[in-house]
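The structure under discussion appears below in the form of structure tokens.
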């Protein structure tokens, strides 16, 4: 659906009544006005759907779509189909934007460099206090880098992460269903970001903190299940298959460090699976992709690569059990 809006902000909503108003108000407070918000209520049962309707009654830039519960990927896909802006930005409904100048900062950069994908920074928060900026030492991408060299810059500076909501994406890339999220899975951003990297032609990055990413449960061991880790492994396998099917594209090599980071996250999660038999089963399949550790210069991945050479993957998993005490590795959205 074409519109005159520069941005479509897609916000999937499911049982987030406690956070929803803060999320939406952080968008409505923007000084840049030319945007639409699509709230996709994915079968909420806690009053979030009614809150969406209430918010829409007070601002005509908000559209609400109600659907039966189908999961985050399906909700995002619904929002994509309804989007009319020139660029699409995702925002999770328990997160919020940093300040009222977010869209001014994004739009200024987009109008200057015209990329297919603009990446931006974010900070972790408990909802009150900032807990650290994600990209701490890298400034914005220098203006003037050629489109064909832009993704190499992004990957060399470790800026391409498995995260849908730290990017503004030209809506034309979503045509023909090429960038639909795979549904009924977790870790859905992993293969989606890889497919986006292969599809887009130009990239950019600004160091400005745009999103406040709410930490609702920072302990991996409290949320890890065998099925979630198995799905993460399936996503890595899917990414490898996608790259194997790509011919004569230099980005295949550039994306191997990206898969290496997901593999590191996989090992960290395997170490948190409490059942030893399940852990052994996962590790048995994960060994097939151990070679990807060699492709990344990320400090965390280098540590894992060294550990795997010295003590093997099984020994590395044992060492990773120390991560919750800050000894070696901490997983995250990147």
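The values are calculated or read from the model by the stated rules, or taken from the named source; none is laboratory data. This structure is a prediction, so every number in the text was calculated from the model and none was measured. All Cβ positions, even for glycine, are placed from backbone atoms using ideal geometry, and neighbour counts span all protein chains on display.
Descriptive notes on the structure:
- Taking the criterion of being touching a helix residue (DSSP H, G or I) at 6+ places or on another chain (Cβ under 7 Å) and crowded, with 16+ Cβ neighbours inside 10 Å, the residues of region 123-151 that qualify are 141, 145, 151.
- Residue 17 falls short on exactly one of the conditions (1) in contact with a strand residue (DSSP E or B) (Cβ under 8 Å, 6 or more places away or on another chain); (2) at pLDDT 95 or above; (3) in a loop (DSSP other than H, G, I, E, B); (4) surrounded by fewer than 19 Cβ atoms within 10 Å (Cβ to Cβ), and that condition is (1).
- Candidates 232, 194, 254, filtered to the one that is within 18 Å of residue 178 (Cβ to Cβ) and touching a helix residue (DSSP H, G or I) at 6+ places or on another chain (Cβ under 6 Å): 194
- Of all the numbered requirements in (1) at pLDDT 95 or above; (2) under 30 Å from residue 69 (Cβ atoms); (3) buried (at least 17 other Cβ atoms within 10 Å of the Cβ), residue 180 misses one, and that requirement is (3).
- Counting only residues that are part of a loop (DSSP other than H, G, I, E, B) and either outside the structural domain of residue 88 (by TED's automatic domain parsing) or surrounded by 17 or more Cβ atoms within 10 Å (Cβ to Cβ) (or both), region 155-168 holds 9 of them.
- Reported count of residues in region 25-54, each being in a helix (DSSP H, G or I), crowded, with 18+ Cβ neighbours inside 10 Å and in contact with a strand residue (DSSP E or B) (Cβ under 7 Å, 6 or more places away or on another chain), is 5.
- Any hit, region 242-253, residues being crowded, with 21+ Cβ neighbours inside 10 Å, within 19 Å of the chain's Cα centre (by Cα) and closer than 17 Å to residue 194 by Cβ: no
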